[in-house]
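The structure appears right after this line, and notes come after that.
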Amino acid sequence: MGIDKKYVNWRDSMSKNIEWGKLGFAYMKTDFRYVSRWKDGSWDEGKLVEDNNLTISESSTALHYGQQCFEGLKAYRTKDGKIQLFRPDENAKRLINSCTRVMMPEVPVEKFIDACKQVVKANEDFVPPYGSGATLYLRPFVIGVGDNLGVKPAPEYIFCVFCVPVGPYFKGGMAPVNFITSDFDRAAPYGTGAAKVGGNYAGSLYPHQLAVKKGFADCIYLDPMTHTKIEEVGAANFFGITKNDKFVTPKSPSILPSITKYSLMHIAKEYLEMEVEERDVLVDHLDEFKEAGACGTAAVITPIGGIQHKDKFHVFHSEKEVGPVTKKLYNTLYGIQFGDVEAPEGWIVEV
Ligand SMILES: Cc1ncc(COP(=O)(O)O)c(C=O)c1O
C-alpha cells in the first residue's frame with residue numbers, strides 16, 4: 001500500500017522550497033490573507049484574497065492621524081504535524097482594547113480567531129516544520145479608511161490578517177544581549193502606551209537607532225513621569241529574577257500588557273513554584289536581580305546581559321551565559337507553544 005506516488009509528487013510540487021533554517025524576521029508574500037471591511041455600523045463576512053496590496057483613500061485616517069492598531073501572534077507546528085495557535089483570544093482582547101482607545105470598531109474575539117485560523121489553513125505550506133524552531137507569524141491589523149479630512153474617526157475600516165514564516169530569534173542558541181536606558185519616552189503617562197498602536201512604534205525608531213549606534217541591542221524605556229523605573233525593553237516587557245527566586249515585572253499603565261509576560265508569570269507560579277510580583281522596578285536598584293530578561297512573541301525570552309544607565313553598566317547573571325531560571329522559563333514556555341509540555345487549559349487553539 002503506502003501513499004500514492006502521484007499524491008506525493010503533487011505535494012512536492014506544491015511545497016514552497018523554503019530554507020527554514022535560514023529564515024529571519026522579514027516580510028515574504030504568502031499565498032492568502034484575510035480582509036474584512038466595516039461600513040455603516042457592521043463588519044462584512046471577510047474573505048481570503050491573493051492580492052497583498054490594499055487600495056485606500058488618500059484621506060484615510062490611518063495615513064494622517066495614526067488611527068490604526070495591530071497584533072502579533074504565531075502558529076506552531078507540533079511533533080505530530082498539527083498546527084496550533086498560542087492564546088489567540090488574548091491577542092483578540094488586546095486588539096479590542098487598542099481599537100477602543102483610538103475609536104475604531106471592535107473586531108469580535110470569534111471573528112479574530114476565525115480569521116487567524118483561515119489564514120493559517122490557507123497558507124499551511126508556509127508553516128515551518130517541527131524542530132526547525134521557525135514559526136508562522138500572524139499580523140492582524142485594523143486601519144481607519146475612507147474619505148475624511150478633519151481629526152475624527154474614519155467612516156470605514158479594514159481588518160486584515162496576513163502571515164509570514166519567521167525563523168527562531170536566536171540562530172546559534174539563546175544568548176544574552178545588552179541594553180541602554182533611553183532619555184526618550186515611548187508613551188506618555190496616560191497616553192497610548194498600553195495600546196498596540198503604530199504611533200508608539202514610529203516614536204521608538206529614533207531612540208532604537210541611537211541605542212544601536214552606541215553598540216546596544218535596543219534601549220530600555222523608563223517611566224515617562226519620573227524616569228526612575230523600568231517600563232519596557234524596546235518592544236518587549238522586562239522581568240527580573242531576585243536573589244531569592246522571585247519573578248518580578250514592572251506594573252504601569254503605559255506598558256503594553258505582554259501576553260508572553262503574563263504567560264511567564266503563570267509558568268513561574270504554577271510550573272516552577274516561584275513567587276511572582278508585578279511592581280515598580282527601580283533602575284537604581286538593579287542589584288536586587290540575579291537574572292533579567294525581555295519577553296515577547298518574537299523572541300519568547302531575550303536574556304539581558306547588562307544594562308547601561310547613565311555612567312553605570314550593571315551586569316546580571318553574565319554577559320555571555322544564560323541564567324538557570326531564565327533557561328527554565330524559556331524551555332517551559334517554548335515547550336507549551338510547540339506542544340511538548342502540557343498547557344494550562346485554554347492556552348492552545350488547534351487550527
Ligand atoms: C511595546 C511592546 N511591548 C511588549 C510586547 C510583547 O507582547 P507580547 O508578549 O504579547 O508579544 C510587544 C509585542 O507585541 C510590544 O510591541
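Going by the conditions given, is TYR206 free of Cβ contacts under 8 Å to residues at least 24 places away in the same chain and either within 16 Å of the ligand (Cβ to nearest atom) or touching a helix residue (DSSP H, G or I) at 6+ places or on another chain (Cβ under 8 Å) (or both)?
Criteria met by TYR206.
Those residues that are hydrophobic (A, V, I, L, M, F, W, C) and part of a strand (DSSP E or B), I need them from the stretch 143-154; list them, please.
Of everything in the stretch 143-154, those that are hydrophobic (A, V, I, L, M, F, W, C) and part of a strand (DSSP E or B) turn out to be ILE143, VAL145.
Might you check whether a residue that is of a type in the set (Asp, Glu) and crowded, with 17+ Cβ neighbours inside 10 Å occurs anywhere in the stretch 183-191?
yes
So, restricting to strands (runs of 3 or more DSSP E) that lie completely within the stretch 155-247, which ones have at least 1 residues that are among the small types (Gly, Ala, Ser)? Even if it seems obvious, please write down each step before you answer.
Numbers: elements: 156-166, 177-181, 218-222, 230-233, 236-242.
Once the strands (runs of 3 or more DSSP E) in the stretch 155-247 are filtered for at least 1 residues that are among the small types (Gly, Ala, Ser), what remains is 236-242.
Looking only at the stretch 269-291, which residues are of a type outside the set (Asp, Glu) and farther than 25 Å from THR228 by Cβ?
Matches in the stretch 269-291: LYS269, TYR271, LEU272, MET274.
If VAL212 satisfies every condition in (1) under 22 Å from PHE25 (Cβ atoms); (2) open to solvent by less than 40 Å² (accessible area, probe 1.4 Å) but one, which is the exception?
(2)
Quick one: which of ALA235, ALA175, ALA217, ALA195 is open to solvent by 10 Å² or more (accessible area, probe 1.4 Å), in contact (Cβ under 8 Å) with a residue 40 or more places away in the chain and within 14 Å of the ligand (Cβ to nearest atom)?
Exactly one of ALA235, ALA175, ALA217, ALA195 is open to solvent by 10 Å² or more (accessible area, probe 1.4 Å), in contact (Cβ under 8 Å) with a residue 40 or more places away in the chain and within 14 Å of the ligand (Cβ to nearest atom), namely ALA235.
Just to verify a result, which residue in the stretch 262-282, among those that are open to solvent by less than 10 Å² (accessible area, probe 1.4 Å) and outside any loop (DSSP other than H, G, I, E, B), is nearest to ALA217 (Cα to Cα)?
Among those that are open to solvent by less than 10 Å² (accessible area, probe 1.4 Å) and outside any loop (DSSP other than H, G, I, E, B), it is LEU264.
Just for helices (runs of 4 or more DSSP H) wholly inside the stretch 1-111: which have at least 1 residues that are modelled with pLDDT of 95 or more and open to solvent by 60 Å² or more (accessible area, probe 1.4 Å)?
61-64, 88-101
LYS246 - would you say it is of a type in the set (D, E, K, R), more than 14 Å from the ligand (Cβ to nearest atom) and either in contact (Cβ under 8 Å) with a residue 40 or more places away in the chain or over 16 Å from ASP280 (Cα atoms) (or both)?
In short, no.
The values are calculated or read from the model by the stated rules, or taken from the named source; none is laboratory data. Treat the numbers as computed from the prediction; the structure is a model and nothing was measured. No Cβ is skipped: glycine too gets one built from the backbone with ideal geometry, and neighbour counts run over all protein chains shown. Just so you know, the surface numbers come from the protein's heavy atoms only, side chains and all, with ligands and any DNA or RNA stripped out. Shrake-Rupley method; radii C 1.70, N 1.55, O 1.52, S 1.80 Å.
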